[in-house]
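Notes to accompany the following structure.
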Amino acid sequence: MTLRCDLFLPGLLTPKRTQDSAHPAQTVLTDLRKLMRGASEEKSASCEATLAEQLKMPVLAEAAWSAAQADYPINRQWFLVEPVQVKTEHNAIYLLGNAGLSLDEESAQRLCEELAKMEQESHWQFTMLAPHRWLMFADKLADVQTVSLAKAIGRDLRDTWATGADAPRLQRHMTEWQMWLHSHPVNQARAPTEQIHSLWVSGNALSVTPSAFPWSLVYSNADWIQGLAKMRGVSRYELSRLHGTNLSENTLIWIDALKMPFAHGNREQWQQQFQHVLKTVLEPLLNNANDMFDELYLHADNGRAYVWRRRERWKFWRGAPALSIATEADES
């Protein structure tokens, strides 16, 4: 049997913020091939699309799998709700995300609980996973297609609104939440630059059970990946457990640390997170991969999957040059 590891690194791209707007211009690491010399390349979709394809699902059910990790029933219509900031510019309203939004657990819990009371008549329920990440169970939102926060940041809100027959109902509620937040005491006590402008909703009501799951071991700090593995009854661990582990099963590793810094265009935070991932996960894993796997696929989120096979002896890593920050997109 061929032992394979799929290492997903969404956001393994160079973040760069443009000079004339609040949203980032996306570039990729043009010297990725130097760092990972010895690997072959295959065309690939985004990390999310590639994972969905391997699970044989139309889209990922991130909200439902987060609910599963928190021991909530998954046979409901779950959505993620995330506090965000926006910026009006010329004739557009850009979603800034929440990178600069400091929100403590007490304030977030208060907002989440009061929002749940406000939506009692709608039979919508809310629970907090983390200050910047809430769950919503919403009845009668079966036909809604949404855009994730990471993909919506930096774009005009009009291009990222939910679609589908039930989307107008969701949009009405989101508008009400925006007005409620504007005058809420939690917001009034915050500095103008720290105020929460809106709540971003993402998720779907499609099937949450994958038709396939080719791994028997999962490592990730992402709650939704942990929930997916839990739902499938697969052994799952946080990334810290990778150190010194001799992997001998088909393994899925999902690292979310670069995703939001890239989406927000935060170059400094992206570099810090990358160096941490490099030292704690990538170097230890890749230096010992020849003793563990027949194949390793690095899904880099730039339209390429970098593939190493045992016969290539994994010489690409030792002595590899440090990553440099690209200034132009990888056109090839």
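The values are calculated or read from the model by the stated rules, or taken from the named source; none is laboratory data. Since the structure is predicted, the reported quantities are computational estimates derived from the model, not experimental observations. With ideal geometry, Cβ positions are generated from the backbone for all residues, glycine too; neighbour counts draw on all protein chains shown.
So the values come out like this:
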read-out: Output for segment 59-104, where each listed residue is crowded, with 22+ Cβ neighbours inside 10 Å and of a type in the set (Ser, Thr, Tyr); value: SER66
read-out: Selection within segment 261-290 - surrounded by 18 or more Cβ atoms within 10 Å (Cβ to Cβ), more than 30 Å from MET1 (Cα to Cα) and touching a residue at least 24 places away in the same chain (Cβ under 8 Å); value: PRO261, PHE262, ALA263, HIS264, GLY265, ASN266, TRP270, PHE274
read-out: Selection from segment 239-262 of residues that are modelled with pLDDT of 90 or more, under 21 Å from SER216 (Cβ atoms) and among the hydrophobic types (A, V, I, L, M, F, W, C); value: LEU239, LEU252, ILE253, TRP254, ILE255
read-out: Test for LYS117: is it within 25 Å of the chain's Cα centre (by Cα), assigned to a helix (DSSP H, G or I) and either closer than 28 Å to ARG76 by Cβ or not aliphatic (A, V, I, L, M) (or both); value: no
read-out: Sole residue being of a type in the set (A, V, I, L, M), touching a strand residue (DSSP E or B) at 6+ places or on another chain (Cβ under 6 Å) and over 22 Å from ARG169 (Cα atoms), chosen from ALA39, ALA64; value: ALA39
read-out: Condition met for THR2 (modelled with pLDDT under 90 and buried (at least 21 other Cβ atoms within 10 Å of the Cβ)); value: no
read-out: Residue check, GLY265 under 26 Å from LEU101 (Cβ atoms) and modelled with pLDDT of 90 or more; value: no
read-out: Those residues of segment 148-179 which are of a type in the set (S, T, N, Q) and under 17 Å from ILE196 (Cα atoms), in sequence order; value: THR175, GLN178
read-out: Qualifying residue in segment 70-93 (condition: touching an Asp or Glu at 6+ places or on another chain (Cβ under 6 Å) and over 18 Å from ASP223 (Cα atoms)); value: yes
read-out: Cβ-Cβ under 7 Å pairs, at least 6 apart or on other chains, segment 291-302 side in the same structural domain as TRP215 (by TED's automatic domain parsing), far side part of a helix (DSSP H, G or I); value: ASP294/ARG310; LEU296/ALA289; HIS299/CYS47; HIS299/THR50; ALA300/LEU32; ASP301/CYS47
read-out: Criterion violated by PHE293 - all others in (1) touching a Leu at 6+ places or on another chain (Cβ under 6 Å); (2) assigned to a loop (DSSP other than H, G, I, E, B); (3) at pLDDT below 85 satisfied; value: (3)
read-out: So ALA142, is it in the same structural domain as TYR94 (by TED's automatic domain parsing), farther than 20 Å from MET118 by Cβ and modelled with pLDDT under 90; value: yes
read-out: Single condition SER240 does not satisfy, out of (1) in a helix (DSSP H, G or I); (2) out of contact with any Ser or Thr (no Cβ under 8 Å at 6 or more places or on another chain); value: (2)
read-out: Pairs where the first residue, in segment 247-260, is assigned by TED's automatic domain parsing to the domain that holds LEU296 and the second is part of a strand (DSSP E or B) and small (Gly, Ala, Ser), C-beta under 6 Å, 6+ apart; value: TRP254/SER220
